[in-house]
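The values are calculated or read from the model by the stated rules, or taken from the named source; none is laboratory data. Given the structure is predicted, the values throughout are model-derived calculations rather than measurements. In this analysis, Cβ positions are derived from the backbone assuming ideal geometry, glycine residues included, and neighbour counts consider all displayed protein chains.
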Amino acid sequence: MVRAVTAHFRSAFLVILLAVATFVAASGSVRASSGSFVSKLTEAQALFRATTTSLRAGRAEEADASLKRLTALWTDATTAYRADPPALFARVNMFPEMLDGSGARLKRAADALAEKRPDAALEELLPLRREWILLRRSAGLYGLVECLDESSDALDAFMALKRSPPDLTRAEARGDVLAKAAVYRWALKRCDSYAATEVVTDAEYRRLADPIVAGLDVVATAVRLRDAALLDRILADLKTFDTQLSQRFGG
C-alpha cells in the first residue's frame, strides 16, 4: 500500500515538474520574442537617424546604404511578428497594420531616393519618428528617445515666447520666462541618466546638451537685464542645439 501511494505521489510530482518547466520555457520564449522585437525597433530608430542625417547633409549614397539596411531590418521584423506579435505589443491596436504601414513608407522613400529625389525621401521618412515613439510608449517602453521627445515639447512651449515676445518690464512676464526655462531644463536633465546607460559614449551627447544648459543660464541674465533681444537670440540657439540633439539621439 505504501509503495502504491509513493509511486502515485512520484508520478504526480513529475507531472507538476513538467508543467512548471513548460511554463518557464513558454515565459522565456515570450520575453525573448518581446526583447528581440524591441532590439529590432531600437536598431531601426538608429538607422532612421543615420538615414535622415545623411539626407539632410546631402549625402545620398550614405543615405541609400543605411536606408537599405533599415528596409531589410524592417522586412525581417514584419515577417517574424506580423502574424504573431510579441507579448508587449500584442495589446497595441493595429500592430500588424503599423508594421505594414512603416514598410510601405520605407519603400516609397527608397523609390524617391532611387529617382534622385532626396527631399521627397526625407519627407516620406520623417513621420516614422513619431510613429515609432508612440509604438514604444504604447508598449510601456521609455528611454532616451522618449525623454528627448518630451524635452523638445517643453522647448516648444518655451519657443512660443519667440513668436510673442514678452514684455520683460512686467514681473509676471519675467516669471513666465523663468518658469518655462525651468521646465525645459528639468525635462532635459532627466535625459542624462538615459544617455549614460543607452549611449555607447556620451561625449557627443554632452557636446550638444551642455550648451543648452549654458544657454538656459543666460536666459536668467536676459531676464535680469530686461534684454528682450538677448532672450530672442538665446531662444534661437536653444532651438538649434535641441534640434541637433533630437536628430542625433532622438526617435
Problem set entry | Hey, Arg170 loosely packed, with under 15 Cβ neighbours inside 10 Å and out of contact with any Gly (no Cβ under 7 Å at 6 or more places or on another chain) or not | yes
Exercise. Can you name the residue in the stretch 210-243 that is small (Gly, Ala, Ser) and in contact with a Lys or Arg (Cβ under 9 Å, 6 or more places away or on another chain) and, of all such residues, is surrounded by the most Cβ atoms within 10 Å (Cβ to Cβ)?
Worked result: Ala222
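Of these, Leu122, Leu99, Leu106, which one is in the same structural domain as Ser36 (by TED's automatic domain parsing), farther than 13 Å from Trp74 by Cα and either modelled with pLDDT of 95 or more or not polar (S, T, N, Q) (or both)? If you could, list the steps in order and put the result at the bottom.
Working: Leu99 fails: farther than 13 Å from Trp74 by Cα; Leu106 fails: farther than 13 Å from Trp74 by Cα.
Residue meeting the stated conditions: Leu122.
Just one of Thr243, Thr221, Thr201, Thr197 is out of contact with any Asp or Glu (no Cβ under 7 Å at 6 or more places or on another chain), β-branched (Val, Ile, Thr) and at pLDDT 95 or above; which is it?
On the way: Thr243 fails: at pLDDT 95 or above; Thr201 fails: at pLDDT 95 or above; Thr197 fails: at pLDDT 95 or above.
One residue alone meets the criteria, Thr221.
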For this session: Scan the stretch 160-182 residue by residue and report those that are modelled with pLDDT of 95 or more and either touching a Ser or Thr at 6+ places or on another chain (Cβ under 7 Å) or hydrophobic (A, V, I, L, M, F, W, C) (or both).
Result: Leu168, Ala171, Ala173, Val177, Leu178, Ala179, Ala181, Ala182
For this session: Consider only pairs whose beta carbons are under 6 Å apart and that are at least six residues apart or on different chains; among these, list those whose first residue lies in the stretch 148-175 and is closer than 30 Å to Trp132 by Cα and in the same structural domain as Tyr205 (by TED's automatic domain parsing) and whose second residue is of a type in the set (S, T, N, Q) and part of a helix (DSSP H, G or I).
Result: Leu148/Ser246; Ser152/Ser246
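Can you confirm whether the stretch 73-83 contains a residue that is not small (Gly, Ala, Ser) and not in a helix (DSSP H, G or I)? Spell out the reasoning first.
Residues of the stretch 73-83 that are not small (Gly, Ala, Ser), as a first pass: 73-76, 78-79, 81-82.
After this cut, where a residue has to be not in a helix (DSSP H, G or I) as well, the list is 82.
Yes, there is a match, as at least one residue in the stretch 73-83 is not small (Gly, Ala, Ser) and not in a helix (DSSP H, G or I).
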For this session: May I ask you to list pairs of residues, at least six apart or on different chains, whose Cβ atoms are under 9 Å apart, with the first in the stretch 58-82 being without any contact (Cβ under 8 Å) to a residue 40 or more places away in the chain and over 13 Å from Ala44 (Cβ atoms) and the second being in a helix (DSSP H, G or I) and β-branched (Val, Ile, Thr)?
Result: Arg59/Thr53; Glu62/Thr51; Glu62/Thr53; Ala65/Thr51
Exercise. Does any residue of the stretch 189-204 turn out to be in contact (Cβ under 8 Å) with a residue 40 or more places away in the chain, touching a Phe, Trp or Tyr at 6+ places or on another chain (Cβ under 7 Å) and not small (Gly, Ala, Ser)?
Worked result: yes
Exercise. Among all residue pairs at least 6 apart or on different chains, which show Cβ distances below 9 Å where the first residue, located in the stretch 230-251, is closer than 26 Å to Lys40 by Cβ and the second is among the β-branched types (Val, Ile, Thr) and surrounded by fewer than 16 Cβ atoms within 10 Å (Cβ to Cβ)?
Worked result: Phe249/Val199
